[in-house]
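This report refers to the structure that appears directly beneath it.
The values are calculated or read from the model by the stated rules, or taken from the named source; none is laboratory data. As the structure is a prediction and not an experimental result, all values here were calculated from the model. Heads up: the accessible areas ignore ligands, DNA and RNA and are worked out on the full protein's heavy atoms, side chains in. Shrake-Rupley method; radii C 1.70, N 1.55, O 1.52, S 1.80 Å.
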Amino acid sequence: MTDQQPDFTDDEDDLYEHHRIVVDAGQNLLRIDRFLLLKLPKASRTKIQAAIDVESVRVNDRPTKASYKVKPADVITVALAQPPRATDLLPENIPLDIIFEDADLLVLNKPAGMVVHPAFGNWTGTLVNALVYHFQHLPSMAANHSQPDVIRPGLVHRIDKDTSGLMVIAKTELAMASLARQFFDHTIERTYNALVWGIPEPADGTITGYIGRSVKDRKVQAIYDDESKGKWAVTHYKTLEPLTYVSLVQCNLETGRTHQIRAHFKHIGHPLFNDAMYGGDRLLRGNPNGSFKAFVDNAFALIPRQALHAKSLGFAHPRTRQWMQFDSPLPDDFAAALDKWRKRG
């Protein structure tokens, strides 16, 4: 299953560029937007202004305005989204299942099997390749064709290649800054459905630990008690349907680490159904012989991937601040496998 490795390169926190600047004692009074343009040469004025507007630029731990004049010893913190530029990517006419779109953002259903971001071994056919094409062909973007660098496939989060479900994509600097801030502050609501082996005990709970690369297999993540070995990760779960040998669970992410749900449920002894990378692609409960084994093999055939779906997504709209809530039905393969287990009782 090495074809999943491109999704492992980093976690969602790595989509943000963090800066902490202590103003020099000899600094003259200067507007903070101009000061940051000098200190962050890769950031545009528009990007800095958008970050200020959504309170991602703070002075002495307080939100600021573009007109604020920096003073010696001020401590400035900045959290900027860093999307890939269209000039580095090949536009591809790949259909997208868009369920909402306006001038600032779009929400889509990513199918299982699609890599989100180009990486080694997957330079084409990715969601970002599709987004670059889509953005180029939006009527509202037509005026920017002479400046292709302003077209931004605005990733603010990721889901694994073989995980299906909802993603929000930013189309403007304001949306990038606002959504990145909401992910950073953990105020975005994300609910996943997973089919796991066994029945979790307790039925509802929270899984925590420091998540980092496994020392036994660098392609997977492991959970540690030592903060030097990984990043803190928190998954809240609720058992929706215990089905004797498997369970349908709901997961809510508090953090966004690579393979977080998959590694967490492996850690507590309940790998996701048919998750080959985390040991869920073999019979882990029940009689390993005869008709039950044949039944499980047939269920594996119905969903040839890990049984994980990003079902709901909620966030504050970057411009209106209105709460947006979206829900996605289980895809056909997940629904078919779940129905097979339900009928078995």
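Observations, loosely collected:
- When the helices of the chain are scored as -39500 (n - 2.57) per DSSP H run of n ≥ 4 and the total is divided over every residue, the value at 222 nm lands at -6500 deg cm²/dmol.
- Quarter the surface of the alpha carbon convex hull of segment 195-321 and you get the mean projected area, 9.8 square nanometres.
- 5 angstrom amide H check on Gly209, placed H, neighbours 5+ away: Ala233
- Whole-number accessible area per residue in Å² for the chain, which is evaluated in the context of all protein chains at 1.4 Å: 46 Å²
- Relative compactness, segment 301-345, computed as alpha-carbon Rg over 2.2 N^0.38 Å: 1.66
- Once the convex hull of all Cα atoms in the chain is built, its volume per residue stands at 150 Å³.
- Relative contact order for the chain, counting Cα pairs under 8 Å that sit 6 or more residues apart, in percent: 16 percent
- Mean-square fluctuations from a GNM of the chain, with a 10 angstrom spring cutoff on Cα atoms, peak among Ala180, Ala276, Ala79 at Ala276.
- Karplus (6.51, -1.76, 1.60) ³J(HN,Hα), θ = phi - 60°, over segment 89-104, in Hz, Gly and Pro reported as x: 10, 9, x, 9, 7, 9, x, 10, 8, 8, 9, 7, 7, 9, 5, 9
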